[in-house]
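Remarks on the structure that follows.
The values are calculated or read from the model by the stated rules, or taken from the named source; none is laboratory data. Keep in mind that what you see is a predicted model, and the values were worked out from it rather than measured. Positions of Cβ are backbone-derived with ideal geometry, glycine not excepted, and every protein chain shown enters the neighbour counts. Keep in mind that these areas ignore ligands, DNA and RNA; they rest on the heavy atoms of the full protein, side chains included. Shrake-Rupley method; radii C 1.70, N 1.55, O 1.52, S 1.80 Å.
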Amino acid sequence: MNAQFRKPPSWRNVLEKGVVVGLACCALISVFTTLAILITLFVETTSFFNEIPLFHFFTETEWTALFSGDQQKFGILPLIIGTCLVTLIAAAIAIPIGLTSAIYLSEFAHDRIRRIIKPILEVLAGIPTIVYGFFAVTLVTPTLKNFIPSLETFNALSAGIVVGIMIIPMIASLSEDAMMSVPNRIREAAYGLGSTRLEVALRVVLPAAISGIIASFVLALSRAIGETMIVTIAAGATPHLSFDPTVSIQTMTAYIVQAATGDISYESIAYKSIYAVGITLFCMTFLMNIFAEFISRRFREEYE
Amino acid sequence: MPESATKEQTIPVLSTDSKTSSSSNVKYRRMKSKLAHLLFLLSTWMGVVVLAVLLIDIARRGLPWLSLDFLDSFASRIPERAGLKAGIWGSIWMILITAPLAFIIGVATAVFLEEYRLNSKWGGRIQRLIQLNINNLAGVPSIVFGILGLTLFVRQINLGKSVLAGALTMTLLILPIIVVAAREAIASVPQSLRLASMAMGATRLQTIWRVVLPYAFPGILTGTILALSRAIGETAPLIMIGAVTFLAFTPSSVMDMFTVMPIQIYNWTSQPKEEFANLAAAGIIVLLFVLLSMNALAIFLRNKFRRS
Amino acid sequence: MQQVAISIESCSLYYGEKQALNDITFEIQEKSVTALIGPSGCGKSTFLRTLNRMNDLIPDVTLTGKIKIYDQDIYDKTVDVEMLRKEVGMVFQAPNPFPKSIYENVAYGPRIHGITKKSELDEIVETSLRQAALWDEVKDRLKDRATGLSGGQQQRLCIARTLAVKPKVLLMDEPTSALDPISTSKIEELLQELKRHYTIVIVTHNMQQAGRVSDQTAFFLNGNLVEFDNTKQLFSNPQKKETEDYITGRFG
């Protein structure tokens, strides 16, 4: 009896090697995407700052990039304030509702109810932002006008509320994941000491899952900052350096849409300002995402 | 979910001699817990209520405007004649290009990261870099992808404001979602199956192709469908690309100009006339119908192929 | 008269810096059953996996010494690992059928090695299932999913799947440890049948099993081969004190 382990190199070996190279190339596409984003933003922004001093960009209090000639002013503060205002309103709506939903789903709800609510949250998360924008301008704003007569047709308040509604599912499901990953033996220990459900939830599970919960807040707010259609439709197109939620404002994302849909030449400074605003937006969301990653990693409790 | 702790497990004070732990304290705590339960329940149902209000409002406005003519007419200044045809076909064209591209690149990336763990110093570093990068890309606002598409595809590669430019932008946008879903599905394939295949003399590629991918396929498919439904609903990046809002023809090649359903809806939403808002609602019904069908399909597949 | 099927010459193995096998030398006869016994972590499973180079899949493993199967150094550069594993099949601890039909499980190996003709595959599937003493139980439901079989049937299916690529050597890594006593005895009977055609190396935790099924037994301890002898000899009259302590249950 004998055995033969050798065989001449065949097309199969070549295929094996070739496939690895092919797969690696596909995987590198995502790296190139990031590089392309950075290069794109950086090149045009540099050319923008050749004309507008960086100092002006961050200290000027007016943004009138799409005006003509010498009336153009490039102070990004109003856009940042507008973005922050919407995001703060969204946070005020989404964090309490999202977190309490997460506590409910993870600590109180019966399996049967969870099986109804979870898909509904998934559907809510899957609704396109254009639909939320429509919702904001056709239903939320007119309704709010009944209570606040001075509310303008386009305003930060209803945009913020609807952005908040949009990110509720994200906070709820990410926070719930964090709380569900707290092992049952820790809950059982607390119940064993005579705690009520609420005490277990707030004093044991919540602190144990806090890093994941905070990460979910940060990620959701980063999503709110980058949200475009709701604010484009409902928040207006007039950059304001004010924290009044009842008037028309403009966010960074809404400006980018306005400039891109306007009739401006690729060589103009207004066009280049898209990139300057874009890179500001990119940096803000990038830092928040990194921060979220950092806290969920750094403070993650190890339960194994 | 603490399955083991079904009801309140506060044990009534058993010792009779203890005067410090009064039963009223326990009662109070229990009541507080019940109240909180109710509050949390209400808060959770808020989401459901919002969804219901939104759907009812849209149905009320849009349903009367929904007809076959609406699906088969182009945009018009006269609301009664306007329709969604250009948007529907634009969305179909875009998804037909995006789906295969994103699926192939996404699954290939996931296979590379999960099945070919590189052990060399540089290989390992590159894979970690790719992973980190994908996590970060998933958090980049969609409008930034729009800026990228505008600069890279529309201007540099000179594709113009074409379906192809839009579809490529969308591919990059949903790629991270597909990679994450596919990696999860591939990671859930039991290691013992890979070993069994290798032990029979299967090569790595044969093992991936015949054992790993078939096993992971339902999960990958579910993730892909969800990612594609995201692509169909996205508006901002395509506005950046320059997808037009007023179009009286459907694309006949990948280099043609196009519009998609959400952009048509956006256009109607920003018109002052009330009729256009109703048209937008009708468009939203069509869009949501497509998206919910895709979601339902994904959930159906997930349940059908769920393994014990 | 028997031929030597596998010869191991001063073989050592390291996981990174950590030594897992130390200077193992012995020979395994063709068409016999060799049992590898020893306490957990003694290196017997690691050793088993060096015989069809499954350890190649783990990064940072280094092996010194020589392992020859039918006089060919299996760690030679010219050896094709896939061909080696085709000749040296392996059955794992827990049954691991693919989530495919019974038929497809057995046909998997022949297919990947290039057999496509339906009639040929049918024949291989039937012979392999017969050899694994499973044919009568499954012949009417070859299209059913393999995961629906009982644990014992699944393990025999895995054996059939391994036999389908017509190996010369069969490696078994505690093949009955996840099974009930009845399934276990079926597989033990099967081993007696299979050794007429195959060289079998089996790792087992169960000393009674080693006594029942094997012709030769190797006792491993802390990465060393302590004793290797005829099974009867080793169990009735061990030469080393460690072996005696282990088989009389004084430790391990």
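A few comments on the model shown:
- Residue in segment A:235-249 that is modelled with pLDDT of 90 or more, within 27 Å of the chain's Cα centre (by Cα) and assigned to a helix (DSSP H, G or I) present: no
- The listed residue being over 30 Å from B:Leu288 (Cα atoms) and outside any helix (DSSP H, G or I), out of B:Asn25, B:Asn119: B:Asn119
- Taken as a whole, segment B:55-67 holds at least one residue that is away from every other protein chain (no Cβ under 11 Å), free of Cβ contacts under 8 Å to residues at least 60 places away in the same chain and open to solvent by 20 Å² or more (accessible area, probe 1.4 Å).
- Enumeration of residues in segment A:210-234 that are hydroxyl-bearing (Ser, Thr, Tyr) and not in a helix (DSSP H, G or I): A:Thr228
- Complete set of residues in segment A:32-68 that are hydroxyl-bearing (Ser, Thr, Tyr), open to solvent by 50 Å² or more (accessible area, probe 1.4 Å) and more than 14 Å from chain B (Cβ to nearest Cβ): A:Thr59, A:Thr61, A:Ser68
- In this entry, A:Leu41 is excluded by the filter for residues that are part of a loop (DSSP other than H, G, I, E, B), within 30 Å of the chain's Cα centre (by Cα) and hydrophobic (A, V, I, L, M, F, W, C).
- All positions within segment B:134-152 that are open to solvent by 20 Å² or more (accessible area, probe 1.4 Å) and assigned to a helix (DSSP H, G or I): B:Asn135, B:Asn136, B:Ala138, B:Leu152
- Qualifying residue in segment C:110-118 (condition: within 14 Å of C:Ile159 (Cβ to Cβ) and buried (at least 18 other Cβ atoms within 10 Å of the Cβ)): no
- Boolean, B:Leu175 is open to solvent by less than 20 Å² (accessible area, probe 1.4 Å) and within 30 Å of B:Met261 (Cβ to Cβ): yes
- All positions within segment A:163-201 that are open to solvent by less than 10 Å² (accessible area, probe 1.4 Å) and charged (D, E, K, R): A:Glu176, A:Arg187
- Residues (aliphatic (A, V, I, L, M), surrounded by fewer than 24 Cβ atoms within 10 Å (Cβ to Cβ) and in a loop (DSSP other than H, G, I, E, B)) located in segment B:253-280: B:Val254, B:Met255
- Count - residues of segment C:223-243 that are surrounded by fewer than 15 Cβ atoms within 10 Å (Cβ to Cβ) and farther than 18 Å from C:Ser32 by Cβ: 5
- Looking only at segment A:250-272, residues that are assigned to a loop (DSSP other than H, G, I, E, B) and surrounded by fewer than 24 Cβ atoms within 10 Å (Cβ to Cβ) come to 7 in all.
- Filter result (aliphatic (A, V, I, L, M) and either open to solvent by 20 Å² or more (accessible area, probe 1.4 Å) or more than 20 Å from the chain's Cα centre (by Cα) (or both)) within segment B:287-300: B:Val290, B:Leu292, B:Met294, B:Ala296, B:Leu297, B:Ile299
- Some residue of segment C:150-168 being in contact with an Asp or Glu (Cβ under 6 Å, 6 or more places away or on another chain) and closer than 20 Å to C:Pro95 by Cα: yes
- Within segment B:107-141, the set of residues being at pLDDT 95 or above and more than 8 Å from chain A (Cβ to nearest Cβ) comprises B:Val107, B:Ala110.
- Checking every residue in segment B:235-244 against the condition of being in contact with a Pro (Cβ under 6 Å, 6 or more places away or on another chain), open to solvent by less than 10 Å² (accessible area, probe 1.4 Å) and within 12 Å of another protein chain (Cβ to nearest Cβ) gives at least one match.
- Members of segment A:150-190 that are among the polar types (S, T, N, Q) and either in a helix (DSSP H, G or I) or within 21 Å of B:Met46 (Cβ to Cβ) (or both): A:Ser158, A:Ser173, A:Ser175, A:Asn184
- Strands (runs of 3 or more DSSP E) contained entirely in segment C:31-102, each with at least 2 residues that are within 14 Å of the chain's Cα centre (by Cα), more than 9 Å from chain B (Cβ to nearest Cβ) and touching a residue at least 12 places away in the same chain (Cβ under 8 Å): C:33-37
- Scanning segment A:91-104 for residues that are open to solvent by less than 10 Å² (accessible area, probe 1.4 Å) and at the interface with chain B (Cβ under 7 Å from one of its Cβ atoms) returns A:Ser101, A:Ile103, A:Tyr104.
- Counting residues in segment A:47-57 that are under 30 Å from B:Leu129 (Cα atoms) and either polar (S, T, N, Q) or in a helix (DSSP H, G or I) (or both) gives one or more.
- On inspection, A:Thr61 fails the criterion of being at pLDDT 90 or above, within 19 Å of A:Gly75 (Cβ to Cβ), outside the structural domain of A:Gly75 (by TED's automatic domain parsing) and of a type in the set (Val, Ile, Thr).
- Cβ-Cβ under 8 Å pairs, at least 6 apart or on other chains, segment C:125-144 side at positive phi, far side in a helix (DSSP H, G or I) and at pLDDT below 95: C:Ala133/C:Arg156; C:Ala133/C:Lys186; C:Ala133/C:Glu189; C:Ala133/C:Leu190; C:Ala133/C:Glu193
- Test result for B:Ile97, open to solvent by 60 Å² or more (accessible area, probe 1.4 Å) and at pLDDT 80 or above: no
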